[in-house]
Amino acid sequence: MSWFDGFEPICRSDVPLRAHTWYQLGGPARWMLTPRDEGELAAVVDRCRKEGVAWRMLGRGANLLVRDGGFDGAVLRLTGEIFEKIAYDGGSVAVGAGADFPKFVRDAFNHSLVGLEALAGIPGTIGGIVRMNAGGKYGEIRQFVRAVRVLNPKGEILTLPAEQVGFRYRHTDLDGFVVLGAVLELEPGDRDAALRRHREIWNEKYDQQPPVSARSAGCIFKNPPGQSAGRLIDEAGLKGFRMGAAEISRKHANFIVADAGATAQNVLDLIALAKDRVWNRSGVSLELEIEVW
Ligand SMILES: Cc1cc2nc3c(=O)[nH]c(=O)nc-3n(C[C@H](O)[C@H](O)[C@H](O)COP(=O)(O)OP(=O)(O)OC[C@H]3O[C@@H](n4cnc5c(N)ncnc54)[C@H](O)[C@@H]3O)c2cc1C
């Protein structure tokens, strides 16, 4: 008997998480489960809780650094038609948590629904995007979210109005919740104009940052109020600094990029160094934006 008795068809053991994260770093998940519907998902989470198995939700792994030792618990992914469904009702769009965000943005343009061009160039699933309140200088996902469908820590599936999600800078009150989907409200508008704006914002972003194809997890640290984490790290003289095969980006110091042969520990060492140097130089305590498992 194992804790995942009955879930064998959807459970794999020792799954390398490097294959599932943007960084392509880190060790295996002890278990990875891909539930086939919401009922099965609720049952898996319930089993994890009852058996004391640590569990985490995984989207595209675009905001994650997995340690070299891996994650000693269950990693749950929402893939397949049921979790990736998109349903349009005028400007109101219900999107499954597993849907790929950049693809959805383009799909919405094709329905002449605009607004999400403000979030151009942000990889992830709707689940991760909502959970992190992803965004940048032109907007955040919270501006578009009307409601979020969740599995709450009591095991109930319910719909939270946006006001109850606790959206704030790169965070929400959804710790311990599973995001199942979100209802977004988009404006009807001109598809081609939205595409042009999307391209402009994308170009602007990647003029200043490493390309989306680079192995990173986006910005490492949150910007302290009124300051730029990248500038503080740059002023501490760390642009281009390397540990093993990881580097504080020369293009934008709030990015740490992994080259071939890098380890998660290389990235963690650079994080510790940046925190330390910025604290000593500027008296600012940098807070992680990425999650470390
Ligand atoms: C090149 C690059 C550029 C980026 N630019 C930006 C940017 O401009 N702005 C920005 O905000 N972010 C940016 N990011 C970070 C990343 O794109 C976002 O944080 C995004 O929301 C991550 O989504 P994900 O699905 O990959 O989540 P993951 O990285 O897989 O997970 C992130 C967190 O969300 C949780 N989670 C995932 N799915 C669910 C779910 N269904 N239910 C509950 N919790 C869930 C995870 O457990 C974890 O806590 C960038 C990343 C990269 C690699």
Flagged in segment 212-222 as touching a residue at least 24 places away in the same chain (Cβ under 8 Å) and either surrounded by fewer than 19 Cβ atoms within 10 Å (Cβ to Cβ) or assigned to a helix (DSSP H, G or I) (or both), in numbering order, are V212, A214, K222
Subset of segment 101-119 [under 22 Å from V165 (Cα atoms) and within 11 Å of the ligand (Cβ to nearest atom)]:
F101, A118, L119
Residues of segment 181-227 being in contact with a Pro (Cβ under 9 Å, 6 or more places away or on another chain) and modelled with pLDDT under 95, in sequence order, are V212
State all residues of segment 49-66 that are away from the ligand (no atom under 11 Å from the Cβ) and open to solvent by 40 Å² or more (accessible area, probe 1.4 Å); if no residue qualifies, say none.
R49, K50, E51, G52, A54
Does any residue of segment 248-259 turn out to be surrounded by fewer than 16 Cβ atoms within 10 Å (Cβ to Cβ) and closer than 22 Å to V66 by Cβ?
yes
Qualifying residue in segment 114-134 (condition: out of contact with any Phe, Trp or Tyr (no Cβ under 9 Å at 6 or more places or on another chain) and either modelled with pLDDT under 95 or closer than 27 Å to P210 by Cβ (or both))
yes
Scanning segment 169-191 for residues that are out of contact with any Lys or Arg (no Cβ under 6 Å at 6 or more places or on another chain), open to solvent by less than 80 Å² (accessible area, probe 1.4 Å) and farther than 19 Å from G59 by Cα, the one farthest from the ligand (Cβ to nearest atom) turns out to be G189
For R146, are the conditions met, namely being in a strand (DSSP E or B) and in contact with a strand residue (DSSP E or B) (Cβ under 6 Å, 6 or more places away or on another chain)?
yes
Considering each residue of segment 192-211, count those that are open to solvent by less than 90 Å² (accessible area, probe 1.4 Å) and part of a helix (DSSP H, G or I), and give that number.
12
Need the failing condition index for I122 against (1) outside any helix (DSSP H, G or I); (2) more than 10 Å from the ligand (Cβ to nearest atom); (3) of a type in the set (A, V, I, L, M, F, W, C); (4) open to solvent by 20 Å² or more (accessible area, probe 1.4 Å), just the number.
(2)
Condition met for R142 (near the ligand (Cβ under 9 Å from one of its atoms), among the charged types (D, E, K, R) and assigned by TED's automatic domain parsing to the domain that holds R196)
no
Among all residue pairs at least 6 apart or on different chains, which show Cβ distances below 6 Å where the first residue, located in segment 8-35, is within 26 Å of G96 (Cβ to Cβ) and the second is open to solvent by 20 Å² or more (accessible area, probe 1.4 Å) and of a type in the set (S, T, N, Q)?
I10/T34; R18/Q24; W31/S13; T34/T79
Being near the ligand (Cβ under 9 Å from one of its atoms) and small (G, A, S) narrows it down to one of G98, G69, so name that one.
G98
Would you pick out the residues in segment 269-292 that are part of a helix (DSSP H, G or I) and surrounded by fewer than 18 Cβ atoms within 10 Å (Cβ to Cβ)?
D269, A272, L273, D276, W279, N280, R281, S282
Among the candidates G230, G166, residue that is out of contact with any Pro (no Cβ under 8 Å at 6 or more places or on another chain), free of Cβ contacts under 8 Å to residues at least 12 places away in the same chain, open to solvent by less than 30 Å² (accessible area, probe 1.4 Å) and more than 10 Å from the ligand (Cβ to nearest atom):
G166
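The values are calculated or read from the model by the stated rules, or taken from the named source; none is laboratory data. These numbers come from a predicted model, not from an experiment. Heads up, the Cβs are rebuilt from the backbone with ideal geometry, glycines too, and the neighbour counts pull from every protein chain shown. We work out accessible area using only protein heavy atoms, side chains counted, and drop any ligands, DNA or RNA first. Shrake-Rupley method; radii C 1.70, N 1.55, O 1.52, S 1.80 Å.
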